[in-house]
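Here is the structure we will look at.
The values are calculated or read from the model by the stated rules, or taken from the named source; none is laboratory data. Everything numeric in this text was worked out from a predicted model, so none of it was measured. All Cβ positions, glycine included, derive from the backbone under ideal geometry; neighbour counts span all protein chains shown.
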Amino acid sequence: CINIHHGLLPEQRGAMCDLWALFMGRPAGFSVHVMTPAVDAGPILAREQVSDGTDCDYPAYLLKSSRRERNIVTALLAGIEEARRLEGVPNIADPGLKHYWDPTPGQIREMRRKGLVL
């Protein structure tokens, strides 16, 4: 199995990493990785930066990202079919990295106060 992760692995692990990255003004994007028992830890098959961190309209960002995801995954699957194997780069993260989780109602209010459109 492969997964489209909404974060730039290996640095951004957990849930809604792209939203958190935009909130913090950091680059946001997605990674395609092999699924393993550990969350967001499988070999990275593709990684794509979608924003430099200045986007403030999350729904518009998601639309832009989904189009790029479709193109990347289509090409990736064609390559897997042709090669008959998955090849990725190691997904090694610093053990001190923070895992992101769904924002709380208070965090959502703070994101909106900062100007993010959700």
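Quick look at the values:
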| read-out | value |
| --- | --- |
| Residue that is modelled with the lowest pLDDT, among those in segment 8-60 that are in a loop (DSSP other than H, G, I, E, B) and at positive phi | Asp40 |
| Of residues in segment 68-118 being assigned to a helix (DSSP H, G or I) and among the acidic types (Asp, Glu), the one surrounded by the most Cβ atoms within 10 Å (Cβ to Cβ) | Glu69 |
| Matching residues in segment 1-28 - criterion: being over 20 Å from Arg67 (Cβ atoms), surrounded by 15 or more Cβ atoms within 10 Å (Cβ to Cβ) and free of Cβ contacts under 8 Å to residues at least 60 places away in the same chain | Arg26 |
| Given (1) surrounded by fewer than 17 Cβ atoms within 10 Å (Cβ to Cβ); (2) touching a His at 6+ places or on another chain (Cβ under 7 Å); (3) among the polar types (S, T, N, Q), index of the condition Ser31 fails | (1) |
| Test: residue in segment 29-45 that is more than 10 Å from the chain's Cα centre (by Cα), within 23 Å of Arg113 (Cβ to Cβ) and touching a residue at least 24 places away in the same chain (Cβ under 8 Å) | no |
